[in-house]
1. Would you tally the residues in segment 1-24 being in contact (Cβ under 8 Å) with a residue 24 or more places away in the chain, more than 16 Å from Lys41 (Cβ to Cβ) and part of a loop (DSSP other than H, G, I, E, B)?
2. Thr118: under 29 Å from Ala267 (Cβ atoms) and among the hydroxyl-bearing types (Ser, Thr, Tyr), yes or no?
3. Against the conditions (1) acidic (Asp, Glu); (2) under 30 Å from Asp397 (Cα atoms); (3) in contact with a helix residue (DSSP H, G or I) (Cβ under 7 Å, 6 or more places away or on another chain), where does Asp220 fall short? Just the number, please.
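The values are calculated or read from the model by the stated rules, or taken from the named source; none is laboratory data. Only a predicted model underlies this, so the values are computations on that prediction, with no experimental measurement involved. Methodologically, a virtual Cβ is constructed for each residue, glycine included, from the backbone with ideal geometry; neighbour enumeration extends over all protein chains shown.
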Amino acid sequence: MPLTDTAIRTAKPADKPVRLFDGGGLYLELSPAGGKWWRFKYRFQGKEKRLSLGIYPDTTLKAARARREELRALLADGIDPGEARKATKREDAMKAANSFEAVAREWYGKQARIWVATHSQDVLRRLEGNIFPEIGYRPIADLEAPELLATVRKIEARGSYDLAHRVLAVCGQVFRYGIATGRCKRDLSADLRGALTPHVKKHQAAVRPEELPDLLRKIDAYDETTGDTLTRLALQLLGATFVRTGELLGATWEEFDLEAALWAIPAGRMKMKTEHIVPISRQALAILDELLPISGAGRYLFPGRNRDKPISNNTMLFALYRLGYKGKMTGHGFRAVASTVMNESGLFRPDVIERQLAHCERNEVRGAYNRAEYLPERRKLMQWWGDYLAGVKAGADVLPFQRAA
């Protein structure tokens, strides 16, 4: 006699498992502890087998019967339901292993080792915050362009147009990695060209060469009003070396060979993970000589209140604000103005300038070999730059060479 919900609800457990049969191989097994488990009993190729179909009442009587009919249909087609279930689990496991998130994390794990920590954290945060919750679980091979577009447009809806483009670019790298490793066949990000709101990239503010002398003079007088000599020296050294702000602020005394007038920034602190050599001009050496009594006994050139950590990037930025350059100049701006002046001088080869700006090779072997590439010319370049800054600050012509039309 078929089961009813009333019969199931009122069934009492016994000392041993009790089976309540519904027919067609379906039965409910009551455990001595009171649990109620749906089972399906069948024979395949002369062997008796059983499958679990869930727990009552999570799996209702109606649902258990529907599942029984599906399994009986497989048997009628000569398919072992148990083996079919195993195959489905294997397929699901494979899809999970090849989900967008799984492939993205695998790609990230390979790339992160050559990135600086801040960039590495940014990439992972963007994926975890914007992509994984939406499509991370989906097999990468099954994704379609409209799904990716809908996900990225949610970023746009927040007004984050630049971030939307950045996240889409990262997704493109994941898809290309998926193609290379045989997990998908197409880069869906390529299908979305022109589908996002155009975004004009804002370059970090930098003064024009003509404005540089006034800025340099204001920096020289910075600690007269603030009493902050350390920040003044940091701004002066940043101008003299035009390294990235983070590379300057993380500088330690052990990186400097003052006798050889060289600063070796370790690969771990560089954007491209390649050691960078900075020749030190006479003017930069004078800044370091003034700095040595202030912080030479510690680790960092520019220690913060906690001597075990350097001052923050905001310290430099806010100092420029106080000097009246909010929206006009950033720490990174020194790189832009140095590049402009040196290239327009026509005195140095572009390759030499690019190497000193640390726009270095992505190839690790080539990058390591080239760490000191063009070093004699770069020494001349850095001393020329030091002389140039001193000259324009004292009133010399800003561009004492023919400027390109």
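1. Summing the residues that are in contact (Cβ under 8 Å) with a residue 24 or more places away in the chain, more than 16 Å from Lys41 (Cβ to Cβ) and part of a loop (DSSP other than H, G, I, E, B) in segment 1-24 gives 2.
2. Details: under 29 Å from Ala267 (Cβ atoms): yes; among the hydroxyl-bearing types (Ser, Thr, Tyr): yes.
Yes.
3. In the conditions (1) acidic (Asp, Glu); (2) under 30 Å from Asp397 (Cα atoms); (3) in contact with a helix residue (DSSP H, G or I) (Cβ under 7 Å, 6 or more places away or on another chain), Asp220 misses (3) alone.
A quick yes/no check of all residues on (1) surrounded by 14 or more Cβ atoms within 10 Å (Cβ to Cβ); (2) at pLDDT 90 or above; (3) in a helix (DSSP H, G or I):
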| residue | (1), (2), (3) |
| --- | --- |
| Arg68 | yes, yes, yes |
| Ala73 | no, yes, yes |
| Glu83 | no, no, yes |
| Ala87 | no, no, yes |
| Lys95 | yes, no, yes |
